[in-house]
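Take a look at the structure set out below.
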Amino acid sequence: MTPAPVKGIAILSQGLAAVYEEPLGPAGIRVRERPRTEPVPGAVSIAIRAASINHLDLFMAQGLQRVTPPRVIAADGAGVVAASGDPAWRPGDEVVIYPVLCDWVCEWCRSGQNVMCPHFGVVGEHSDGTACEIFHVDARNVYRKPRGLSWEEAAAFPLTFLTAWRMLTTRARLRPGEKVLVVGASGGVAVAAAAIARHLGARVFVTSRSEAKRKRALELGAEAAFDSTDFSKAVRDATDGGVDVVVEHVGPATLAESMRSATMGGRIVTCGSTSGVKAEITMPRLFWGQLDLLGSTMGNASEFESVLKAIDEGLRPVVDRVYPLADVEAALTRLDAAEQFGKVVLSVS
């Protein structure tokens, strides 16, 4: 379902920007110059230091999203306030961006459920994005940058950590000591989910097609790592009957194995479906197993604040590689080839 058009303060990307122009894959994203303006009342102008890309940007470049070009890409950004139309922010403040679009005034937003807003959207998909020199955004989307993070790290966490945090804490109700399986644990959300689960005191298990990525996941604290093909038996054997929570984002290619990996009463939570949009479910496994199959998208402002608190407590994103803005095509190509472990970041200034 496509959200209604975003209302409120316009989101503007200015100066040099990575712009989706044609559905040609990474080659369809080009660096262009955008006009510069001053922020309107209620908006903040941010000089972006770093932005990071997600599969959402790749899908848009491939023409798989209902987005009419041109559109500046990227949901994640961190930078320095250049000018402000809101007294809460001053030039020089170091900030990160909450990547959710909402109207902030509807009943859902007022109750703290931004993801339920009828004008819900994602920065970089339903508005211009952060892969630019200057970004104008509603002041309510602006938060102080965690002091312990580099610019690249600060740009790497917002969308993925917010998404994974909501999946694990709000939707799957993860408890300390529980067992979590992260499927395809090399992409941004998956790496974030593994880190968050460990931070919350869970036991973490992962799958990956790549031996090198499985080794990296073990180095970061996973108890065991399995090949992504037919992994459920190995998972059940290693976990004495299955895991309590499965973090899914692959979809049809792995969903059946994910359900088989869950213990009685387990929860399978998904935020995406990179292997296709339709999957078959073995219904007896769902109801005899007393399983919960849960969907989740992005997160509320309060959940973003919880992520920031966890970062202050030591939670850290994983940066895979940093590219200059001018090399955005190469950055997207790396993502398209599934070569990354963690987030691919664009250095802007």
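The values are calculated or read from the model by the stated rules, or taken from the named source; none is laboratory data. Everything quoted here is computed from the prediction, not taken from an experiment. Glycine also receives a Cβ, built like all others from the backbone with ideal geometry; neighbour counts cover every protein chain displayed.
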Is it the case that some residue within segment 177-187 is touching a residue at least 60 places away in the same chain (Cβ under 8 Å), out of contact with any strand residue (DSSP E or B) (no Cβ under 7 Å at 6 or more places or on another chain) and not polar (S, T, N, Q)? yes
On the basis of being more than 13 Å from residue 228 (Cβ to Cβ) and touching a residue at least 40 places away in the same chain (Cβ under 8 Å), does residue 272 make the cut? yes
Does residue 101 satisfy being buried (at least 24 other Cβ atoms within 10 Å of the Cβ) and modelled with pLDDT of 95 or more? yes
So residue 105 ticks every box in (1) within 21 Å of residue 149 (Cα to Cα); (2) among the hydrophobic types (A, V, I, L, M, F, W, C); (3) out of contact with any Phe, Trp or Tyr (no Cβ under 9 Å at 6 or more places or on another chain) but one. Which box is left unticked? (1)
Within the bounds of segment 142-159, is there any residue that is crowded, with 24+ Cβ neighbours inside 10 Å and among the polar types (S, T, N, Q)? no
Restricting to segment 61-89, count the residues that are in a strand (DSSP E or B) and among the aromatic types (Phe, Trp, Tyr). 0
Among 44, 81, which is the only one that is closer than 19 Å to residue 154 by Cβ, over 22 Å from the mean Cα position of the chain (by Cα) and buried (at least 24 other Cβ atoms within 10 Å of the Cβ)? 44
Would you confirm whether any residue within segment 179-186 is buried (at least 24 other Cβ atoms within 10 Å of the Cβ), modelled with pLDDT of 95 or more, part of a helix (DSSP H, G or I) and not assigned by TED's automatic domain parsing to the domain that holds residue 58? no
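Every residue, every condition in (1) exposed (fewer than 15 other Cβ atoms within 10 Å of the Cβ); (2) under 16 Å from residue 204 (Cβ atoms); (3) aromatic (Phe, Trp, Tyr), yes or no:
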residue	(1), (2), (3)
237	yes, no, no
244	no, yes, no
248	no, yes, no
257	no, no, no
262	no, yes, no
274	no, no, no
Look at residue 33 and say whether it is within 21 Å of residue 126 (Cβ to Cβ), over 23 Å from the mean Cα position of the chain (by Cα) and at pLDDT 95 or above. no
Selection status of residue 310, among the small types (Gly, Ala, Ser) and in the same structural domain as residue 18 (by TED's automatic domain parsing): no
Selection count where residues are within 9 Å of residue 51 (Cα to Cα) and in a helix (DSSP H, G or I), scope segment 335-349: 0
Would segment 130-144 turn up any residue that is out of contact with any Pro (no Cβ under 9 Å at 6 or more places or on another chain), acidic (Asp, Glu) and free of Cβ contacts under 8 Å to residues at least 24 places away in the same chain? no
Restricted to segment 229-268 and to residues being part of a loop (DSSP other than H, G, I, E, B) and closer than 21 Å to residue 296 by Cβ, the residue farthest from the chain's Cα centre (by Cα) is 242
Does residue 243 satisfy being closer than 26 Å to residue 304 by Cα, modelled with pLDDT of 95 or more and of a type in the set (Val, Ile, Thr)? no
Selection status of residue 198, assigned to a helix (DSSP H, G or I), under 19 Å from the mean Cα position of the chain (by Cα) and surrounded by fewer than 24 Cβ atoms within 10 Å (Cβ to Cβ): yes
Filtering segment 10-41 down to residues that are farther than 16 Å from residue 134 by Cα and not in a strand (DSSP E or B) yields 21, 22, 23, 25, 27, 28, 41
Residues of segment 86-117 being within 19 Å of residue 50 (Cα to Cα) and aromatic (Phe, Trp, Tyr), in sequence order, are 98
Just one listed residue, out of 273, 349, is under 29 Å from residue 143 (Cβ atoms) and modelled with pLDDT under 95, and it is 349
